[in-house]
Structures are given as C-alpha cells and as structure tokens.
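Presented below is the structure to which this report refers.
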Amino acid sequence: MAETVTQLLRERANDDNPAITYNGDEWTWREYISASSGVAAAVIGVIDRSRPAHVGALLGNTPGMLVALAAGALGGYVTVGVNNTRRGEGLAADILRADCQVLITDAEHRHLLDGLDLPGVLVFDMSSPEWAELLADAGDLVPLSEPTAMDTYMLIFTSGTSGNPKPVQFAHMMIPFAGPVLADKYNVGPGDVCYLSMPLFHSAALMGGYCVALCGGAAMAPAKFSASTFLDDIRRYKATYMNYVGKPLAYILATEEKPDDADNPLRVAFGNEATDRDIDDFSRRFDCTVWDGFGSTELAIIITREPGTPEGSIGKGFPNVAVYNSDTLTECPRAEFDENGALTNADEAIGELVNVDGAGMFMGYYNDADATSERMRHGKYWSGDLAYKDADDWIYLAGRTGDWMRVDGENMAAGPIERILLRIPEINRTAVYAVPDEHVGDAVMAAVVLQDDATLTPESFAEQLAAQSDLSPKAWPRFVRIADDLPTTATNKILKRELKKEGAVAGDGTLWTRDARSTHYRVAADTATV
C-alpha cells in the first residue's frame, strides 16, 4: 500500500484515464505524470543542494499548479504553497520564511513580485521562453531523494485568521491517509470528475479534493471559485464531486435560485465550516449530499458529523479530542442547557479544543520553534478554537480564543450568537465580535451580509431576535453592520480581526444601533462612525 504521494503518482504513471480537464483541454494521468516529471527534472537542475530543497508555487488553480504539486513529490523536494492573495511585504515574508530557493509562477501572478526583495530566490515564469528552454534541456528525472511517509511533502501556510500565516509541515502520509477513505466513502473513481475550486496552495483542497482524485483515479477540474459561475462549471466539467472550506456554500446560495438548479451531475460536496442551514439548503437546491467536518491546517484535531448530529453541532471528535480549560489544564464540564436550549454554564463549559494525546498529525511549523511550542503545551495540542461538549459528546464551536466577550459582567462566546443570527432567513453570513462598551467591558457587534435581493429592516431584525428563545438579552448585538461583503482569507474564513480593528462603524454599508437596555434598533445618524 502506498505511503507517500510519490508512490501514489507512480502507480498512475501508465493510467490513460483522464487526470485533468481544463477549459476544453484534457490530460491523462500518464501525460500528467510525465509532464510533472519533466518539471521536476528542470527544477532539480537549478537547485542548490547545499540549501533546503524548497520550491515555491505562486500559481492559481490551473493545470500548472497541479503539475507543481506532483513535481515536488516525484522530484523528492518540498513544494511550498504560496498564498496568491498575499501582497507586498507579506508575500515576500512568506516566500523567505519558507526558505524558497526556487519560485515558480506564471503570467497571471508574475506582477505580484514586482518590487519585492527576494534575495537568493530564482524566479521562473512558466509561460516564458526561458522556462520552455529550461524544460527542453532538463533531461531525464533523477530525484533528489526518495520521500518516506513522515517526510515533508509541502509547506502549507495557515489561513492567518488570528495572526501572520505560519508554514505547517505537511507530511507525505497525509494524502494516502485521507484519500482512500474519502474515495471509497463517496465512491469516487475513474469516470468521476473532482471540481477543485478551493485554493490548491492550502491543505483543505489537498485533503478534500486532490487526494480523492489521486487515490480514486478520478479526473480533476481546477477552477477559480466564483459563486456566479459555479453551476455552469459543474455542468461544463460534468463534475460529480467537489470540496469546500469556509463560506463558499453561503456565497453560492446567495445567488438567485432557478427551477433547474438540481439538473446537474454533482453527487457529493465535502468540506468544513458550513452552517446547518447551508448544508440543508445546498443539498436540496442542487440535489446532492453535503458532508461537513472540522479540521485545521495543522491536522491535529479531527471532528466528523455523524447521523443524528444535533443542530448547531459540528459532530463528534476522534477519541483524543477534548475541551480543556487553559488555566486549570483540566477538561471542562459538559454543557448544560435550559428549557429553551440556551447554554447556561458558558463560563465553565466553554474551553479550548485540544488533542490530549499530543500533536496528532501536526508535524510542527517550519523553522518556528516558538509557534510550535505555543501549540504544543503540557503534552497536548491546543487549537485556539473555543468549543463546548454536551452530555452525549457532541461538540459545538464557540469561536476562536480571541472571540470571548465580557458583556455586562458575563462571559459570552461569538459562535452561539452567530448560529442564532443565521436563523434569520434574510441573513446569508455573519460575524459576531466584541467592540468596546462605552462604560466597561465589551459590547456585542454583528456584521451581516444579506441574501441577494433580500431586505431586512431594523424592526424586522428586532422582531426575529425576540422570537429566539435561546438568545440571552445580553447577547443581542448593540451594533449591527449591514455590509455588502466581509473581509476573508484566501480560504473563505472571515477575518474578524479586521472588523474588530475598524470598531463600531458602518464601513461601506449601514450601521444600526440600540441602547443598552432597549430592544429597538435605529439607523445610526452618522453611518461612518459611532
């Protein structure tokens, strides 16, 4: 049985089934692996063997990126997934932090490097004559090494929702670990097409998309995510499987529903961080099965939905997943609820998701012992995610560790409030966060994006909040920002730190406010600031 990406690819070297379909062109697995071997040989020809063999890929979701992913495995060097939404000094810092000595890009992304100081980095544009000449002169592939299961396949940067992105060492074993399970569970094989529209520089696309196609022998359709063109792509590529991370389902569901939306070949959507409502609505509208789980780039904590998962829960964790109090280093008591379903012991029950057995599949951050030590404390992996468990071991997310709010003397977490706000049908997505209260502590603020063509008034919003019996009066947002969109990472995670930095403002939208003891919302007189 294959233990590395290298071995999986070699097993497909003589496979004449489709591997890539892109804008009318098609490559077999034989052609894909041959092209990737050629790229690996060209890269190895310019690598300085006295330095880390790290090759950055600053590319979009294209055949070129798929080739870069395979070339590193076949060539025995480490591919660095460079976030193509980063800019300026941040982009340069990522490339240098990962010790890239070679950087592969293309005409679409080459300009992002203009003016950047990248000492010691050889840059190659895959669309240039120089690159074509390098490939032609490369000769046969002689790999730098034969990777083992625990060797680093890629350096993958975290999403950066809570600070600067950090490069995670992603082991070869992760692809053969996840791929066969998913391919078998969803019956994905030759004849299927996996729609890959999540960024291929991130672990979500690798662990939810690339591995399924590689292990199942299905074709890959790389694409740039767009809610407006999603269904056209699915039909054009005859895609039967897709993966997602963050809010893509919400973006798609915000588009106008049409009577024939269910007329498409999609069978399965697999991903994480979708809401209960989005899972149900997407399944109904597009006549497919949606499977949602939970995992981080570090891959130390895995939580899966099972039949019977209660509303609001993300499922049950692997046996080593627990919720701990970071001060006492003990497991938190189980969550208790009142007759309306409201959490009554948040102070005690909400803690941090941990892997009690240690690192799990987390291999550490590259060249960053301090950040790795921060995650690995007291023999456990600390995720930075707040959660609580009920008496039956169902896990509920409560936000990140920075999402705690102290409201009128009571600790509150953002996650439960967000889930309640999403019951309001006019709201497509939301972020709840703390802004300073005018007297002491925090005030709750919510930024919301409405469904396309939906209208929500302050009066209707208040009426619908009042109908939520499990919403504490203290949890009613003091400020509501009606926005056209919310700032997100490349993996569709909402950047709350940007919203917090702006404070109680309308931004480009509208701001509603209410007095501390009131349930009446009004449009702020000055929607620029309060």
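Structural remarks
- The single residue among Ser383, Ser373 that is in the same structural domain as Phe337 (by TED's automatic domain parsing) and either closer than 24 Å to Pro248 by Cα or in contact with a Phe, Trp or Tyr (Cβ under 9 Å, 6 or more places away or on another chain) (or both) turns out to be Ser383.
- Members of the stretch 386-404 found to be outside any helix (DSSP H, G or I) and within 20 Å of Ala475 (Cα to Cα), listed by number: Leu386, Ala387, Tyr388, Tyr396, Leu397, Ala398, Gly399, Arg400, Trp404
- Of all residues in the stretch 245-304, those satisfying the criterion of being assigned to a loop (DSSP other than H, G, I, E, B), over 25 Å from Leu386 (Cβ atoms) and among the acidic types (Asp, Glu) are Glu256, Glu257, Asp260, Asp261, Asp263, Asp287.
- With respect to being out of contact with any strand residue (DSSP E or B) (no Cβ under 9 Å at 6 or more places or on another chain), of a type outside the set (Asp, Glu) and crowded, with 17+ Cβ neighbours inside 10 Å, Cys215 fits the description.
- Filter result for Tyr22 (farther than 23 Å from Lys166 by Cα, touching a helix residue (DSSP H, G or I) at 6+ places or on another chain (Cβ under 6 Å) and assigned by TED's automatic domain parsing to the domain that holds Ala239): yes
- Test: residue in the stretch 456-476 that is without any contact (Cβ under 8 Å) to a residue 24 or more places away in the chain, in contact with a Ser or Thr (Cβ under 6 Å, 6 or more places away or on another chain) and not in a strand (DSSP E or B): no
- Test: Thr275 is of a type in the set (S, T, N, Q) and under 15 Å from the mean Cα position of the chain (by Cα): yes
- Hits in the stretch 312-325 (condition: in a loop (DSSP other than H, G, I, E, B) and in contact (Cβ under 8 Å) with a residue 60 or more places away in the chain): Gly312, Ser313, Ile314
- If you go through the stretch 210-244 and pick out every residue that is part of a strand (DSSP E or B) and under 20 Å from Ala490 (Cα atoms), you end up with 5.
The values are calculated or read from the model by the stated rules, or taken from the named source; none is laboratory data. Owing to the predicted nature of the structure, the values given are computational and were not obtained by experimental measurement. Cβ atoms come from the backbone with ideal geometry, glycine included; neighbour counts cover every protein chain shown.
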